[in-house]
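The structure appears right after this line, and notes come after that.
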Amino acid sequence: TAAAPRTFSIRVVVQEPGRLRVLRLLELLAAGVEERIWLADAYFLSVPILHQALISAAQDGIDVRVLTPGTLDVPVVGPLARTGYASLLEAGVRIWEYRGLMMHAKTSVIDGWSSRVGSTNMNVTGLMTNWELDVIVEDPRFGAEMEAMFEEDLGDARPVLLRPGGRLSPPPPP
C-alpha cells in the first residue's frame, strides 16, 4: 500500500530590498527558540540584530551552531566574517568551517521543526538589499532530515576555537 501523503506548512518568503523579511523571521524565531538554532551560510557576515539574537540565545543556554565555508569563492569574506566570531564564541555559539570545496548552503533549523532553505545569505546584502527567495518548512520530520544533513556536514568541518588572548584558531588551509 502507498504511504499516506504528508501535510505540513510551507511558506515562501520573498526578500525585497529594504523589507528585512528573512531577518525579522529569524529574529522572531530566535526569540522563541527553546532548544537549538543551527545555521549554515555561505557568506556569514552577521548583521548586528542577528548577531545579538544569536548571542542572547546562546547565553540563554540554547544550542547555537553556525556552519560556514572554510574555502570561499570571494576570499575577502572569510577574514571579514571571522572578525565577528570572537563575541559569538564567548557567548557560547559554536562555529565550524567546512573543509570541502565552497559550501554554498543557506539554511537554518530552529528546534527541529522550522527549517529554512533559500538564497538569503546572513549578511547585509542578503538580508537588506538583495532580492532573495527562501522557503520555510514547518515539519518535525523535515526538520530532523535537515538536522541530520547539518550534522553530516559537521563531520567534514572543523570547529573555530577561541584561544587565550581572544585569538581564533586558524582557518582551514585552502
- Query: In the range 65-128, which strands (runs of 3 or more DSSP E) lie fully inside it and hold 3 or more residues that are among the aliphatic types (A, V, I, L, M) and in contact with a helix residue (DSSP H, G or I) (Cβ under 6 Å, 6 or more places away or on another chain)?
  - Reply: none
- Message: Just to be sure I understand the filter: pairs with C-beta atoms under 7 Å, separated by 6 or more residues or on different chains, first member in the range 82-96 and under 10 Å from GLY166 (Cβ atoms) and surrounded by fewer than 16 Cβ atoms within 10 Å (Cβ to Cβ), second member at pLDDT below 95 and not hydroxyl-bearing (Ser, Thr, Tyr). Which pairs pass?
- Response: ALA86/LEU162; ALA86/GLY166; ALA86/LEU168; GLU90/LEU162
- Query: If you scan the range 22-44, which residues turn out to be over 14 Å from LYS106 (Cβ atoms), at pLDDT 95 or above and either within 16 Å of the chain's Cα centre (by Cα) or open to solvent by less than 70 Å² (accessible area, probe 1.4 Å) (or both)?
  - Reply: VAL33, GLU35, ARG36, ILE37
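Filter the range 1-20 for residues that are part of a loop (DSSP other than H, G, I, E, B) and in contact with an Asp or Glu (Cβ under 7 Å, 6 or more places away or on another chain) and give the result. Even if it seems obvious, please write down each step before you answer.
Initially, the range 1-20 is screened for residues part of a loop (DSSP other than H, G, I, E, B), giving 1-8, 16-20.
Passing the criteria: only PHE8.
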- Item | Selection within the range 45-60 - in a loop (DSSP other than H, G, I, E, B), touching a residue at least 12 places away in the same chain (Cβ under 8 Å) and open to solvent by 50 Å² or more (accessible area, probe 1.4 Å) | LEU45
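So, in the range 129-173, how many residues would count as being open to solvent by 30 Å² or more (accessible area, probe 1.4 Å), part of a loop (DSSP other than H, G, I, E, B) and closer than 21 Å to GLY84 by Cα? Show your work before the answer.
If we filter the range 129-173 for residues that are open to solvent by 30 Å² or more (accessible area, probe 1.4 Å), which is where we start, we get 129-131, 133, 135, 138, 140-142, 144-145, 148-149, 151-153, 155-156, 158-159, 161-168, 170-171, 173.
Okay, now just the ones that are also part of a loop (DSSP other than H, G, I, E, B), so 130-131, 155-156, 161, 163, 167, 170-171, 173.
From what's left, closer than 21 Å to GLY84 by Cα: 161, 163, 167, 170-171, 173.
Selection size over the range 129-173: 6.
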- Message: Show the residue pairs meeting these rules: Cβ distance below 9 Å; 6+ apart or different chains; first residue within the range 23-43 and basic (Lys, Arg); second residue in a loop (DSSP other than H, G, I, E, B).
- Response: ARG36/ILE62; ARG36/ASP111; ARG36/GLY112
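The values are calculated or read from the model by the stated rules, or taken from the named source; none is laboratory data. What you see is a predicted model; the values in this text were computed from it and never measured. For neighbour counting, all protein chains shown are included, and Cβ atoms are generated from backbone atoms with ideal geometry for every residue, glycine included. Note: areas computed on protein heavy atoms with side chains; ligands, DNA, RNA excluded. Shrake-Rupley method; radii C 1.70, N 1.55, O 1.52, S 1.80 Å.
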